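Trainee: Sharing a structure here in C-alpha cells format.
The values are calculated or read from the model by the stated rules, or taken from the named source; none is laboratory data. The structure presented is a predicted model; accordingly, all values stated were derived computationally and were not measured. Cβ placement follows ideal geometry from the backbone for every residue including glycine, while neighbour counts extend to all protein chains displayed.
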There are 2 protein chains.
Amino acid sequence: MSLVRVPNFSISLDGFGTGDGQTRDEPFGHAGERLHEWMFDTRWGHAMQGRPGGSRGVDDAFTRQHDPGIGAEIMGAGKFGHPGWEDDPDWKGAWGPNPPFHTPVFVLTHHTRSSIEMEGGTTYHFIDASPAEALETAREAANGKDVRLGGGPTVIRDFVAAGLVDHMHIVVVPILLGRGVRLWDGMEGLENDYAIEATSSPSGVTHVTFTRGGV
Amino acid sequence: MSLVRVPNFSISLDGFGTGDGQTRDEPFGHAGERLHEWMFDTRWGHAMQGRPGGSRGVDDAFTRQHDPGIGAEIMGAGKFGHPGWEDDPDWKGAWGPNPPFHTPVFVLTHHTRSSIEMEGGTTYHFIDASPAEALETAREAANGKDVRLGGGPTVIRDFVAAGLVDHMHIVVVPILLGRGVRLWDGMEGLENDYAIEATSSPSGVTHVTFTRGGV
C-alpha cells in the first residue's frame, strides 16, 4: 500500500510553517533557521552537513523516517524556490546540486518547465495539477513506494482538505513567530479522522503525529 | 515576591482558547468541554466533582498548582459569564454558588456593579481598569500571595503584552477547533523573555510552561 506521508514538518508554537518575508537569502523569512535547528542538531542532521556527532534521541529517531520507503516527493513552488524563481530560467531549486530527495520530485506550479535532472537521483518535474492529479502522477513514479508530501504549509493544507494524507509528523518548535503562513487553517475536526499522538523531546520541540484511521 | 501566574489554561492544537458561538449553555462555544476533559479526568478534577478516582500522573500534578499560594484572581468578563450577562442584574457568575476560586476575584468589565460574596471564600469584584491597574488592585487583595490570571485568551494576551505575566502553564489539547478566540496572536518573540518547556502526557495533551527570566 502506497501511503502519503508528511515527515518532519516544523511549525512554531503559534502554528506558522514559514515566516514572513521570504527571499532567496531567507527562504523561511523572518523565521530564519529557527524552525529547523532541532533537526540540524540530530545525528541525521549532522550527517547531512557532513559532520560527525549529533543527538541520538527521539528527534533523531523521527528525522530518520524522512527517506526510507519513499519513492517520490510532491512539493509546493515555495519549497522549490524563493518568490519569483519562475522568472529565472536557470533556477535549479533551493536545495543545491545534490538535493536531499534522491527520487523524482513533483513541483506544483502554474509555470511549468522542462524536467531537471540533478545529482544523487533527484529529478525535478513541474506540474500544474490538482492535489489528486498530482498524487496520481507521483504515485506512478513512486512505483509502489510511499509519496512524501514535502510542504510548504499551503500544500499540506490543500492535500489534507482533499483527504489525501495518511500520516503527518508535525514538529512544534517553542518559538512564537507571530506572522507568516499558518499550517492549521481550515482543519477543524481533524481529530475525527486521525489518531493524534504528542511526544515532547528534551530538545524542547514536541513531535505530533497524525495517523489516518485504518492506515 | 508576589507573582502573576496563569495555571491550567487549555487551548486547541490550532491555538484557540475558546470556541466559536459562546452561549449560557455552551460557555466555550462549539468547543464544548473538549478543552477541559484532560482536567476532569485527573484525581484533582474528580475531587472537584465530588467523585473518587482519577489519574495521578503529570496532568494531575499540574492541576494541583491551581490553588496553593494564590491570594486573588483576575478574570475577563467572558469567564464570569456568557455574552450579555451584564444585562442581568441577578447574574452571579458561571461558577455556581461555591466557585472554585476561594479568594477575591476581580472581574474586568466596562459594566461594573456591586461586589458579590459567594460561598467558600470567593468574592467577586467588578472593575473597569487597565491590566496594570487591575493587577495593582488584585495584588493588594492577595496580601503578599500570587495573583492568578484566569483568562480568557484575550485577557491573557493583554497582560502578556503589558509585560505583567511571570508564569504561564498552557495545555495543548490534540483537537483542531478551526475557529474561536486565539491565544497566541501578537506574541511574536515571546521566547526571548521566557524559558519555555514542553511535557507531553499519556493523556494526549502537552503541558507548555513559560517562566519569565529572573523569576
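Trainee: Would you mind stating whether A:Arg157 is of a type in the set (Lys, Arg), farther than 10 Å from A:Glu73 by Cα and under 17 Å from the mean Cα position of the chain (by Cα)?
Mentor: yes
Trainee: Those residues that are crowded, with 19+ Cβ neighbours inside 10 Å, away from chain A (no Cβ under 14 Å) and at pLDDT 95 or above, I need them from segment B:142-153; list them, please.
Mentor: Within segment B:142-153, B:Ala142, B:Asp146, B:Val147, B:Arg148, B:Leu149, B:Gly150, B:Gly152 meet the criteria.
Trainee: Could I ask something else about it? Within segment B:114-121, is even one residue touching a residue at least 24 places away in the same chain (Cβ under 8 Å), among the hydrophobic types (A, V, I, L, M, F, W, C), under 26 Å from B:Ala198 (Cβ atoms) and not in a helix (DSSP H, G or I)?
Mentor: no
Trainee: Being polar (S, T, N, Q) and not in a loop (DSSP other than H, G, I, E, B) is the filter here, so list the residues in segment B:17-38 that pass it.
Mentor: If the condition is that a residue be polar (S, T, N, Q) and not in a loop (DSSP other than H, G, I, E, B), then B:Thr18 is the only one that fits.
Trainee: Test A:Pro174 against the stated conditions and say whether it is facing another protein chain (nearest Cβ under 9 Å) and either on the phi < 0 side of the Ramachandran plot or crowded, with 22+ Cβ neighbours inside 10 Å (or both).
Mentor: Yes, satisfied.
Trainee: What is the number of the single condition among (1) assigned to a strand (DSSP E or B); (2) surrounded by 18 or more Cβ atoms within 10 Å (Cβ to Cβ) that B:Val165 does not meet?
Mentor: Every listed condition holds for B:Val165 apart from (1).
Trainee: Going by the conditions given, is B:Ala94 closer than 23 Å to B:Val171 by Cβ, surrounded by fewer than 18 Cβ atoms within 10 Å (Cβ to Cβ) and either of a type in the set (Ser, Thr, Tyr) or over 16 Å from the mean Cα position of the chain (by Cα) (or both)?
Mentor: Against the criterion (closer than 23 Å to B:Val171 by Cβ, surrounded by fewer than 18 Cβ atoms within 10 Å (Cβ to Cβ) and either of a type in the set (Ser, Thr, Tyr) or over 16 Å from the mean Cα position of the chain (by Cα) (or both)), B:Ala94 does not qualify.
Trainee: For segment A:48-82, enumerate the residues that are touching a helix residue (DSSP H, G or I) at 6+ places or on another chain (Cβ under 9 Å) and part of a loop (DSSP other than H, G, I, E, B).
Mentor: A:Gln49, A:Arg51, A:Pro52, A:Gly53, A:Gly54, A:Arg56, A:Arg64, A:His66
Trainee: Residue by residue through segment B:14-28, note down the ones that are of a type in the set (A, V, I, L, M, F, W, C) and within 13 Å of chain A (Cβ to nearest Cβ).
Mentor: B:Phe16
Trainee: Here is a follow-up. In the set B:Glu133, B:Glu140, which member is without any contact (Cβ under 8 Å) to a residue 12 or more places away in the chain, in a helix (DSSP H, G or I) and under 26 Å from B:Asp185 (Cβ atoms)?
Mentor: Values: B:Glu140 fails: under 26 Å from B:Asp185 (Cβ atoms).
None of the other options fit; the residue is B:Glu133.
Trainee: So which residues in segment B:143-153 are in a loop (DSSP other than H, G, I, E, B) and of a type in the set (A, V, I, L, M, F, W, C)?
Mentor: Answer for segment B:143-153, where residues must be in a loop (DSSP other than H, G, I, E, B) and of a type in the set (A, V, I, L, M, F, W, C): there is none.
Trainee: If you don't mind, another one. Would you check if B:Gly120 is over 15 Å from the mean Cα position of the chain (by Cα) and under 25 Å from B:Phe40 (Cα atoms)?
Mentor: On the way: over 15 Å from the mean Cα position of the chain (by Cα): yes; under 25 Å from B:Phe40 (Cα atoms): yes.
Criteria met by B:Gly120.
Trainee: I've got another one for you. Residues in segment A:179-192: is at least one at negative phi, among the β-branched types (Val, Ile, Thr) and more than 17 Å from the chain's Cα centre (by Cα)?
Mentor: No; the residues of segment A:179-192 include none that is at negative phi, among the β-branched types (Val, Ile, Thr) and more than 17 Å from the chain's Cα centre (by Cα).
Trainee: So, of the residues in segment A:177-200 that are part of a helix (DSSP H, G or I) and at the interface with chain B (Cβ under 7 Å from one of its Cβ atoms), which turns out to be surrounded by the most Cβ atoms within 10 Å (Cβ to Cβ)?
Mentor: Applying the filter and picking the extreme gives A:Leu190.
Trainee: All but one of (1) away from every other protein chain (no Cβ under 14 Å); (2) buried (at least 19 other Cβ atoms within 10 Å of the Cβ); (3) within 22 Å of A:Asp185 (Cα to Cα); (4) not aromatic (Phe, Trp, Tyr) hold for A:Ile11; state the number of the condition that does not hold.
Mentor: (1)
Trainee: A further question on this structure: Which residue is nearest to B:Phe210 (Cα to Cα), if the candidates are limited to segment A:1-54 and must be polar (S, T, N, Q) and without any contact (Cβ under 8 Å) to a residue 24 or more places away in the chain?
Mentor: Initial filter on segment A:1-54 (polar (S, T, N, Q)): A:2, A:8, A:10, A:12, A:18, A:22-23, A:42, A:49.
Restricting the remaining residues to those that are without any contact (Cβ under 8 Å) to a residue 24 or more places away in the chain gives A:42, A:49.
On the way: A:Thr42: 25, A:Gln49: 33 Å.
This residue is A:Thr42.
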